[in-house]
Amino acid sequence: IVMTQSPGTLSVSPGERVTLSCRASQSVRNNVAWYQQRPGQPLRLLIYGASSRATEVPGRFSGSGSETDFTLTISSLQSEDFAVYYCQQYNDWPLTFGGGAKVETK
Amino acid sequence: QVQLVESGGGVVQPGGSLRLSCAATGFPFTSFNNFAMYWVRQAPGKGLEWVAYVRYDGSNKRYADSVKGRFSIFRDNSKDMLYLEMKNVRPDDSGTYYCAKDRGIVVVPAAPDDLHFDSWGQGALVIVSS
């Protein structure tokens, strides 16, 4: 299952709302997770089950979608949110990730 | 707070072998042998690629097609350790290898794994080059 993320790079300012998309090449039901990767930090699980926030993830992060189209939204971008974000499907083997979406400073 | 620490990375020649290790600590009210474990890799400047999976008790394993027959995942639950044995390595195996833990706890033997990852290590760098 191919996971396609868009856009590849997003240039934003702190306080802005950010919406990242992930499309699956076939239905994955709601079996999608989102991760954050920041330099020097371990990867961090943000969302699982398409819309459930992981432990200690701030409320400004939310996920939505089902079947083939999924969205990660950051309601008001904080400085620590500049990072690369990956979606992952776990509906079927092999487990696959999207190519990543980089959120950078405008 | 679960911590995962990888070791064993380095420079290896094409066709060579390498073993990566992952030490797991900090399981509050649970233990290492309650969770499936994984290896995920990232080529330099690229995205994430799942490599291998092992069930909590080692009874089931899966591999990405790109490493099947060359890599082997195993675990020692008595030592809270995860391993990746890499053989016949190729230049495109170069990258950072992360150890990751399944989010779901197995409380009964038949329980399914969550197949996504709530703890990650910092990674071990593998460079395949002559």
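See the values below:
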item: Some residue of segment B:75-96 being closer than 19 Å to A:Cys87 by Cβ and either within 11 Å of another protein chain (Cβ to nearest Cβ) or hydroxyl-bearing (Ser, Thr, Tyr) (or both); result: no
item: Subset of segment A:1-19 (residues that are at pLDDT 95 or above, over 13 Å from A:Asp81 (Cα atoms) and either touching a Ser or Thr at 6+ places or on another chain (Cβ under 9 Å) or surrounded by 18 or more Cβ atoms within 10 Å (Cβ to Cβ) (or both)); result: A:Ile1, A:Val2, A:Met3, A:Thr4, A:Gln5
item: Residue ID - surrounded by the fewest Cβ atoms within 10 Å (Cβ to Cβ), chosen from residues in segment A:20-55 that are part of a loop (DSSP other than H, G, I, E, B) and facing another protein chain (nearest Cβ under 10 Å); result: A:Gly40
item: Tally, over segment A:56-81, of residues that are within 14 Å of chain B (Cβ to nearest Cβ) and either surrounded by fewer than 18 Cβ atoms within 10 Å (Cβ to Cβ) or in a loop (DSSP other than H, G, I, E, B) (or both); result: 2
item: Scope segment B:34-65; condition in contact (Cβ under 8 Å) with a residue 24 or more places away in the chain and part of a loop (DSSP other than H, G, I, E, B); matching residues; result: B:Phe35, B:Ala36, B:Ala43, B:Pro44, B:Lys46, B:Arg55, B:Tyr56, B:Asp57
item: Considering residues of segment B:90-126 that are of a type in the set (Asp, Glu) and closer than 12 Å to B:Ala43 by Cβ only, the residue surrounded by the fewest Cβ atoms within 10 Å (Cβ to Cβ); result: B:Asp92
item: Residue identified as in contact with a Lys or Arg (Cβ under 9 Å, 6 or more places away or on another chain) and among the β-branched types (Val, Ile, Thr) among B:Val11, B:Val51, B:Val40; result: B:Val51
item: Which numbered condition A:Gly40 fails, given (1) under 18 Å from B:Asp118 (Cα atoms); (2) in contact (Cβ under 8 Å) with a residue 24 or more places away in the chain; (3) over 12 Å from the mean Cα position of the chain (by Cα); result: (2)
item: Residues of segment B:66-78 classified as among the β-branched types (Val, Ile, Thr) and in a loop (DSSP other than H, G, I, E, B), total; result: 1
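Conditions tested, residue by residue: (1) among the hydroxyl-bearing types (Ser, Thr, Tyr); (2) crowded, with 18+ Cβ neighbours inside 10 Å; (3) out of contact with any Pro (no Cβ under 8 Å at 6 or more places or on another chain).
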| residue | (1), (2), (3) |
| --- | --- |
| B:Gly10 | no, no, yes |
| B:Pro14 | no, no, no |
| B:Leu18 | no, yes, yes |
| B:Cys22 | no, yes, yes |
| B:Thr25 | yes, no, yes |
| B:Thr30 | yes, no, yes |
| B:Met37 | no, yes, yes |
| B:Arg41 | no, yes, yes |
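The values are calculated or read from the model by the stated rules, or taken from the named source; none is laboratory data. Remember, predicted model here, so these are calculated numbers, not experimental data. All Cβ positions, glycine included, derive from the backbone under ideal geometry; neighbour counts span all protein chains shown.
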